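S.K.: Handing you a structure now.
The values are calculated or read from the model by the stated rules, or taken from the named source; none is laboratory data. What you see is a predicted model, and the numbers here were worked out from it, not measured in a lab. With ideal geometry, Cβ positions are generated from the backbone for all residues, glycine too; neighbour counts draw on all protein chains shown.
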Amino acid sequence: MKIQRWCLMIAVLGQAACSLPQGGRQGMVIHDFKYPWSENPPPRTSFEAAIYGDRWHFTFDAEDQDIVTSPVWTGESTLDDEDRVEIFFARDPELGRYFCIEIDSLGRVHDYEAKFYRQSESGWQCNGLVTSAERTSAGYRVKGAIPLDTLSNLLGRPVGAGTVVDLGVFRAEFRGRDKSSHGGANDNWISWQLPRTKAPDFHVPSAFKRVKL
């Protein structure tokens, strides 16, 4: 059984575990998220990340006036029908092996390992990952931290400040409580990259971008 790692009460793990610390190396700040498959204007999304100590810390801020979440947890697949933010790490540009972390507006996690094309292993767990979430006046905020040792193991090489990685940063944005409509619209999917696909799909090499942590 997978152990759940979210911290709805940040005090449980200590604020430094989930918050983006002051004084960390600013690895990236992303504001230009888009609907790759829709011409509609997307709700605002921002992503910030920094290395501090032995962890890579990240924060999402999502504008959302209709937060879709499930009050009942039935396992990690609960997130499939929820609003969420997503981070994917690829070991290689061809996605021979990549790792997916999805987090909902309550800080709950669905993580899995995969290889191209969409061959996933849901039993995988991102060791040492901690997350938290809170509602904001504009929507919700998700924070998390991953040990650098974990990232090094995943990517098969040492990871630290300045390491180049293939990264995907995404968001699923649903509306209403009708689950049959979730995921089927072109404006359900938000990304900072423009994947070269006709239909929404983040599980392709063109959805990733090479960046420095």
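S.K.: Here is a list of conditions, (1) modelled with pLDDT of 95 or more; (2) assigned to a loop (DSSP other than H, G, I, E, B); (3) within 16 Å of the chain's Cα centre (by Cα), and residue 20 meets all of them except one; can you say which number that is?
M.R.: The failed condition is (1).
S.K.: Let me ask you something else. Please work out if residue 94 is over 18 Å from residue 76 (Cβ atoms) and assigned to a loop (DSSP other than H, G, I, E, B). Write out each step before concluding.
M.R.: Values: over 18 Å from residue 76 (Cβ atoms): yes; assigned to a loop (DSSP other than H, G, I, E, B): yes.
Answer is yes for this residue.
Let's see how each residue does on (1) free of Cβ contacts under 8 Å to residues at least 60 places away in the same chain; (2) out of contact with any helix residue (DSSP H, G or I) (no Cβ under 7 Å at 6 or more places or on another chain):
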site	(1), (2)
144	no, no
166	no, yes
172	no, no
189	no, yes
194	no, yes
200	no, no
204	no, yes
209	yes, yes
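S.K.: Right, another one. For the stretch 86-107, give me each residue that is out of contact with any Lys or Arg (no Cβ under 9 Å at 6 or more places or on another chain) and either over 20 Å from residue 193 (Cα atoms) or among the polar types (S, T, N, Q) (or both). Show your work before the answer.
M.R.: Taking the stretch 86-107 and keeping what is out of contact with any Lys or Arg (no Cβ under 9 Å at 6 or more places or on another chain), we get 87-89, 92, 94, 100-101, 106.
Answer for the stretch 86-107, where residues must be out of contact with any Lys or Arg (no Cβ under 9 Å at 6 or more places or on another chain) and either over 20 Å from residue 193 (Cα atoms) or among the polar types (S, T, N, Q) (or both): just 106.
S.K.: Take residues that are buried (at least 21 other Cβ atoms within 10 Å of the Cβ) and under 16 Å from the mean Cα position of the chain (by Cα) and tell me which of the strands (runs of 3 or more DSSP E) falling wholly in the stretch 131-213 contain 1 or more.
M.R.: Values: elements: 139-147, 164-172, 189-191, 209-212.
Where strands (runs of 3 or more DSSP E) fall fully within the stretch 131-213 and carry at least 1 residues being buried (at least 21 other Cβ atoms within 10 Å of the Cβ) and under 16 Å from the mean Cα position of the chain (by Cα), they are 139-147, 164-172, 189-191.
S.K.: Confirm whether residue 123 is assigned to a loop (DSSP other than H, G, I, E, B), modelled with pLDDT under 95 and at positive phi.
M.R.: no
S.K.: Filter the stretch 33-55 for residues that are surrounded by 15 or more Cβ atoms within 10 Å (Cβ to Cβ) and in a loop (DSSP other than H, G, I, E, B) and give the result.
M.R.: Hits for the stretch 33-55 are 33, 35, 36, 37, 38, 42, 43.
S.K.: Additional query: Criterion first (charged (D, E, K, R), modelled with pLDDT under 95, buried (at least 17 other Cβ atoms within 10 Å of the Cβ) and under 16 Å from the mean Cα position of the chain (by Cα)) does residue 111 satisfy it?
M.R.: Numbers: charged (D, E, K, R): yes; modelled with pLDDT under 95: no; buried (at least 17 other Cβ atoms within 10 Å of the Cβ): yes; under 16 Å from the mean Cα position of the chain (by Cα): yes.
Answer is no for this residue.
S.K.: To continue, here is another question. Out of contact with any strand residue (DSSP E or B) (no Cβ under 8 Å at 6 or more places or on another chain) and either modelled with pLDDT of 95 or more or not basic (Lys, Arg) (or both): which single residue out of 81, 92, 61, 54 fits that description? Explain how you work it out, then say what you get.
M.R.: Numbers: 92 fails: out of contact with any strand residue (DSSP E or B) (no Cβ under 8 Å at 6 or more places or on another chain); 61 fails: out of contact with any strand residue (DSSP E or B) (no Cβ under 8 Å at 6 or more places or on another chain); 54 fails: out of contact with any strand residue (DSSP E or B) (no Cβ under 8 Å at 6 or more places or on another chain).
Unique residue meeting the criteria: 81.
S.K.: Within the stretch 68-77, take every residue that is surrounded by fewer than 17 Cβ atoms within 10 Å (Cβ to Cβ) and in contact (Cβ under 8 Å) with a residue 12 or more places away in the chain and give me the one that is farthest from residue 185 (Cα to Cα).
M.R.: The initial filter retains those residues of the stretch 68-77 that are surrounded by fewer than 17 Cβ atoms within 10 Å (Cβ to Cβ), namely 70-75, 77.
This time we only want the ones that are in contact (Cβ under 8 Å) with a residue 12 or more places away in the chain, so: 70, 73, 77.
Details: 70: 20, 73: 25, 77: 20 Å.
So, considering only residues that are surrounded by fewer than 17 Cβ atoms within 10 Å (Cβ to Cβ) and in contact (Cβ under 8 Å) with a residue 12 or more places away in the chain, the one farthest from residue 185 (Cα to Cα) is 73.
S.K.: Ok, one more. Just checking, which of 137, 105 is under 15 Å from residue 171 (Cα atoms) and modelled with pLDDT of 95 or more? Even if it seems obvious, please write down each step before you answer.
M.R.: Working: 137 fails: under 15 Å from residue 171 (Cα atoms).
One residue alone meets the criteria, 105.
S.K.: Can you run down the residue pairs with Cβ atoms below 9 Å, 6 or more apart or on separate chains, where the first is in the stretch 126-142 and touching a residue at least 12 places away in the same chain (Cβ under 8 Å) and over 15 Å from residue 108 (Cα atoms) and the partner is in a loop (DSSP other than H, G, I, E, B) and of a type in the set (Gly, Ala, Ser)?
M.R.: Final answer for the pair search is 139/105.
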